[in-house]
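For reference, the structure is listed below as structure tokens.
The values are calculated or read from the model by the stated rules, or taken from the named source; none is laboratory data. Worth saying up front: this structure is predicted, and the values here are computed from it rather than measured. Backbone-built Cβ (ideal geometry, glycine too); neighbour counts: all protein chains shown.
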Amino acid sequence: MTAGAEDRFRWHPAARLFGPDGAEVAPLANGPPVLDDLDSPTALAAAMAQNGRAFRIGAVDQPAPPHSDLPEFETLTSGTSGTPRRIRRSQSSWTASFAVNAGLFGIGPNARVAVLGRLSHSLALYAGVEGLHLGADVHLLDRLRPDRQRRALTELGITHLYATPAQLRLLTDAPGPALPLDHVILGGSKLDPTLRAALAALAPQARVAEFYGAAETSFITLSSPDLPQDSVGRAYPGVDIVIRDGSALVPEGQVGAVWVRSRYLFQGYGDNAPGPAQRDGDWMSVGEIGTLRDGCLYLHGRAGRMVTVADQNVFPEEIEGFLVSLGLSRVAVLPRPDPLRGTVLVAVAQGDGQGDGQGTAAILRAARDRFGPLKAPRAMMWRADWPELSSGKPDLARLAAEWDV
């Protein structure tokens, strides 16, 4: 089978690529299959020069992607464990969504796209490749401090910003005027209320789009301000979502495993390594537990993080989301062994112990009122800094080790 032009990444004739220093990087004739993201503009230009050949940016100590008759590539994901997984994809699994986003957000010639993260992170790589494929100016700003990123966004007249909430938090904390952005496209996790308000002040005219997905599935849902803020939105165009208990579909409003079907799914893990993704024909699940109501998807957490407290299943992510809604900026809920109940939960938060004016006792009381005495955290611990993985997600293993939970 011969791949067509839209089955592979291509550098659009109108597209231009710029590094953090503002220098334009010309297209390359060729490049190695494994690229270091320390020089992100050169790495992206070399990746686009592969003309369908498999490549990967990052994990230079790992084997190169194997040859395939169809255009492929690899991305990396670390989740919250810190152990990178190589994600093997067809290039058409991304080009299919490029066409969708061109229609949704007007990405193409005359658009100026900024990327804040390193290209070894799948969201940043996606944004860079998409922009060049669709004919936009792409500005890679990963080597700049947040205050200089903010200044560059203004001086360059950026129209589209791709970022994670962790990157956006640093940007909103940096000094500078409001940004004249048209679109802010977010992935990685949901905006909390505090960050949502800060973003509105940072880019008051921007349309904000929040995506939910995984490295294995790519886009699953798309959210907007008019949808319930405790949901992750409705199915992204071209995605089917069902909720299952084992192999059986569950009625609307009931909890089960989230399964998706789309053109955007990955092909497998590098070297056929094990991972959380499960396949059932055309359908895939990455172990996320959720509910569908009125077409919107509500997440409870990953099956891998679920804990049992006094014979009740508890999803720490659900409690973390509630605590963030109280005004905490960063929080993790972790299990601790308990001789009576088997497991109890504790919360670790960033702050000085007051939680934006709310005392620890008040926060714990609010959690008990919401979740009941068994599921609510029994204690809170505070720290001034916050350990994160390179992906911007909390380093749960380090937090658990530091607090002996």
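Numbers at a glance
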| item | result |
| --- | --- |
| Enumeration of residues in region 281-301 that are touching a strand residue (DSSP E or B) at 6+ places or on another chain (Cβ under 7 Å), of a type outside the set (S, T, N, Q) and over 21 Å from residue 76 (Cβ atoms) | 282, 283, 289, 290, 292, 295, 296, 297, 298, 299, 300, 301 |
| Region 368-382, residues that are touching a residue at least 40 places away in the same chain (Cβ under 8 Å) and not in a loop (DSSP other than H, G, I, E, B) | 370, 371 |
| Output for region 341-394, where each listed residue is modelled with pLDDT under 85, surrounded by 15 or more Cβ atoms within 10 Å (Cβ to Cβ) and among the small types (Gly, Ala, Ser) | 351, 355, 390, 391, 392 |
| Any pair with Cβ under 6 angstrom, 6 or more apart, that starts in region 304-321 at a residue that is farther than 13 Å from residue 377 by Cα and ends at one that is of a type in the set (Lys, Arg) | 310/341 |
| Residue, surrounded by the fewest Cβ atoms within 10 Å (Cβ to Cβ), within region 32-77, restricted to residues that are among the hydroxyl-bearing types (Ser, Thr, Tyr) and more than 19 Å from residue 140 (Cβ to Cβ) | 68 |
| Strands (runs of 3 or more DSSP E) within region 77-145 that include 1 or more residues modelled with pLDDT under 95 | 85-90 |
| Criterion (of a type in the set (S, T, N, Q) and on the phi > 0 side of the Ramachandran plot) met by exactly one of 51, 30 | 51 |
| Tally of residues being at pLDDT 95 or above and outside any strand (DSSP E or B) across region 234-247 | 4 |
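Yes/no matrix, rows are residues, columns are (1) at negative phi; (2) over 15 Å from the mean Cα position of the chain (by Cα); (3) surrounded by 18 or more Cβ atoms within 10 Å (Cβ to Cβ):
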| site | (1), (2), (3) |
| --- | --- |
| 156 | yes, yes, no |
| 162 | yes, no, yes |
| 173 | yes, yes, no |
| 179 | yes, yes, yes |
| 184 | yes, no, yes |
| 188 | no, no, yes |
| 202 | yes, yes, yes |
| 210 | yes, no, yes |
